[in-house]
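To start, the structure under review is shown below, and the notes come after it.
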């Protein structure tokens, strides 16, 4: 039996918005520590790993581990019906074949309830291996989102070059090329506006902007984003 | 195809 209440639905709305274009059908793996999602995108090029800790819900109750197979397009449509400030309760019974969602407006004058059918999703256990990355860049997530959007006008690929005191995003295509250099800015007042480049060795790697733009949709969830790069292993964002 | 099976291996090596 799972019953979890989120004080404001906006958090789950943002999460589903960020992953719905990457993940078709996947399991919410629920246990007493929270709700986890690990799924590759449909073209098996990217992995989404998400953990919503039990502490973020109040109350949170999960009697035994259950995997809720969800179609994310459906969940995204249902989440559109929730107001940002509504509190949201998700429930699944023992041998559940539906996930129940309830949205309650702040002054409880409107209560919406939806059931979405659950499906069997084959669960292969995936995760991101612990890696000692050559370069780790911390920067404002809105800035990263903007860089990915701006450079998409020039090319479908962006080369990220991390050197000692700067990180450069370069895009070159048939019509021309563009580059954006971001420099570290220690000692800023707002933590989220900080830019740091931690380098074991310089790296220069190319990535698909299609995926980076999808990942950047999660920017509204956190003010700061960390990019971790090494040769021959996937970029971690 | 090679990339995809590399990635599946990489992510399931956890």
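Go through the range A:155-183 and report how many residues are part of a loop (DSSP other than H, G, I, E, B) and modelled with pLDDT of 95 or more.
So the count comes out to 3.
Condition check ((1) over 24 Å from the mean Cα position of the chain (by Cα); (2) within 30 Å of residue A:83 (Cα to Cα)) across all residues:
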| position | (1), (2) |
| --- | --- |
| A:99 | no, yes |
| A:110 | yes, yes |
| A:131 | no, no |
| A:172 | yes, no |
| A:179 | yes, no |
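Scanning for something over 24 Å from residue A:111 (Cβ atoms), in contact with a helix residue (DSSP H, G or I) (Cβ under 8 Å, 6 or more places away or on another chain) and away from every other protein chain (no Cβ under 14 Å), does the range A:34-49 turn up at least one residue?
yes
If only one of A:170, A:128, A:137 is closer than 30 Å to residue A:90 by Cα and surrounded by 11 or more Cβ atoms within 10 Å (Cβ to Cβ), which one is it?
Testing whether each residue is closer than 30 Å to residue A:90 by Cα and surrounded by 11 or more Cβ atoms within 10 Å (Cβ to Cβ) leaves just A:128.
Checking the condition farther than 30 Å from residue A:209 by Cβ, modelled with pLDDT of 95 or more, crowded, with 16+ Cβ neighbours inside 10 Å and under 19 Å from the mean Cα position of the chain (by Cα), which residue from A:54, A:82 passes?
Values: A:82 fails: under 19 Å from the mean Cα position of the chain (by Cα).
Every option except A:54 fails the conditions.
Provide a single number: the residues in the range A:23-33 that are crowded, with 19+ Cβ neighbours inside 10 Å and within 14 Å of chain B (Cβ to nearest Cβ).
2
Do you know which of the residues in the range A:221-236 that are surrounded by fewer than 17 Cβ atoms within 10 Å (Cβ to Cβ) and more than 14 Å from chain B (Cβ to nearest Cβ) is modelled with the highest pLDDT?
It comes out as A:226.
With the condition kept exactly as written, say whether any residue in the range A:216-232 is in a loop (DSSP other than H, G, I, E, B) and farther than 25 Å from residue A:19 by Cα.
Among the residues of the range A:216-232, at least one is in a loop (DSSP other than H, G, I, E, B) and farther than 25 Å from residue A:19 by Cα, which makes the answer yes.
The values are calculated or read from the model by the stated rules, or taken from the named source; none is laboratory data. Being a predicted model, the structure only gives us computed values, none of them experimental. For neighbour counting, all protein chains shown are included, and Cβ atoms are generated from backbone atoms with ideal geometry for every residue, glycine included.
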